Amino acid sequence: LMQVGADGSADAQAKARAEQLLGLLRQGGDFAALARQHSGDPGSARRGGDLDWFARGRMVPSFEVAAVALQPPGGLSEPVKS
């Protein structure tokens, strides 16, 4: 999770950072370690980015659509704005 201001400030910066981290993951980076270090969500950051199971309708729609579409399960997607 890359946080931005409610007014969209730092949106481009957050997207660039997310794309940089995605590049590291595609090169074999450790997802849990990167999440612990860079996530803007303290709860999931402590768990290495693990969100646990969640029912449909619990997450922001754009995130949920991307999460359930991952192939193979546990795969990577492009950054998602939510």
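The values are calculated or read from the model by the stated rules, or taken from the named source; none is laboratory data. What you see is a predicted model; the values in this text were computed from it and never measured. Cβ placement follows ideal geometry from the backbone for every residue including glycine, while neighbour counts extend to all protein chains displayed. In case anyone asks, the SASA skips ligands and DNA or RNA and just uses the protein heavy atoms, side chains included. Shrake-Rupley method; radii C 1.70, N 1.55, O 1.52, S 1.80 Å.
Here GLY8, GLY74 are screened, and the one residue that is modelled with pLDDT under 90, open to solvent by less than 60 Å² (accessible area, probe 1.4 Å) and either touching a Ser or Thr at 6+ places or on another chain (Cβ under 7 Å) or not charged (D, E, K, R) (or both) is GLY8.
Among the residues of region 21-40, at least one is in contact (Cβ under 8 Å) with a residue 12 or more places away in the chain, not in a helix (DSSP H, G or I) and not β-branched (Val, Ile, Thr). Each residue in region 41-55 was checked for being surrounded by 10 or more Cβ atoms within 10 Å (Cβ to Cβ), assigned to a loop (DSSP other than H, G, I, E, B) and free of Cβ contacts under 8 Å to residues at least 40 places away in the same chain, and 6 pass.
Residues in region 16-36: is at least one at positive phi, loosely packed, with under 10 Cβ neighbours inside 10 Å and of a type outside the set (Phe, Trp, Tyr)? Scanning region 16-36, I find at least one residue that is at positive phi, loosely packed, with under 10 Cβ neighbours inside 10 Å and of a type outside the set (Phe, Trp, Tyr), so the answer is yes. Of all residues in region 45-57, which are among the basic types (Lys, Arg) and modelled with pLDDT under 95? Matches in region 45-57: ARG56 only.
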